[in-house]
């Protein structure tokens with residue numbers, strides 16, 4: 001498993017869903033995805049459905065390319 005979604009509840013009761021990945025050096029530690037990106041990225045979402053839609057950007061899914069003209 002390269003990525004997972006974690007439900008995070010704040011002290012005020014608000015919930016958010018965060019995409020986490022294994023740390024790029026210490027593979028046994030799960031970290032928020034922005035830590036591995038080296039820059040700011042959106043890894044926190046206000047609904048589980050939205051987090052699920054964006055999981056493909058973090059789980060190793062490859063981009064598909066198609067040559068349309070030579």
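Below is a table of values for the structure above.
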{"read-out": "Percent RCO, i.e. relative contact order, over the chain, from Cα pairs under 8 Å lying at least 6 residues apart", "value": "30 percent"}
{"read-out": "Sorted peptide list for 46-52, 5-11, 61-67, criterion being average Cβ within 10 angstrom, highest first", "value": "46-52, 5-11, 61-67"}
{"read-out": "Identified option (computed Rg/Rh (Cα atoms, Kirkwood Rh); candidates (1) 1.09; (2) 1.04; (3) 1.27)", "value": "(1)"}
{"read-out": "At R0 = 22 Å, FRET efficiency that the Cβ-Cβ distance of residue 49 and residue 10 yields, to 0.05", "value": "0.70"}
{"read-out": "Segment residue 62-residue 31, length gained on full extension (0.36 nm per residue, minus Cα span)", "value": "9.0 nm"}
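Computed from the coordinates by the stated procedures, all read-outs in this text should not be read as laboratory data. The model shown is predicted, which means the values in this text are computed figures rather than measured ones. All Cβ positions, even for glycine, are placed from backbone atoms using ideal geometry, and neighbour counts span all protein chains on display.
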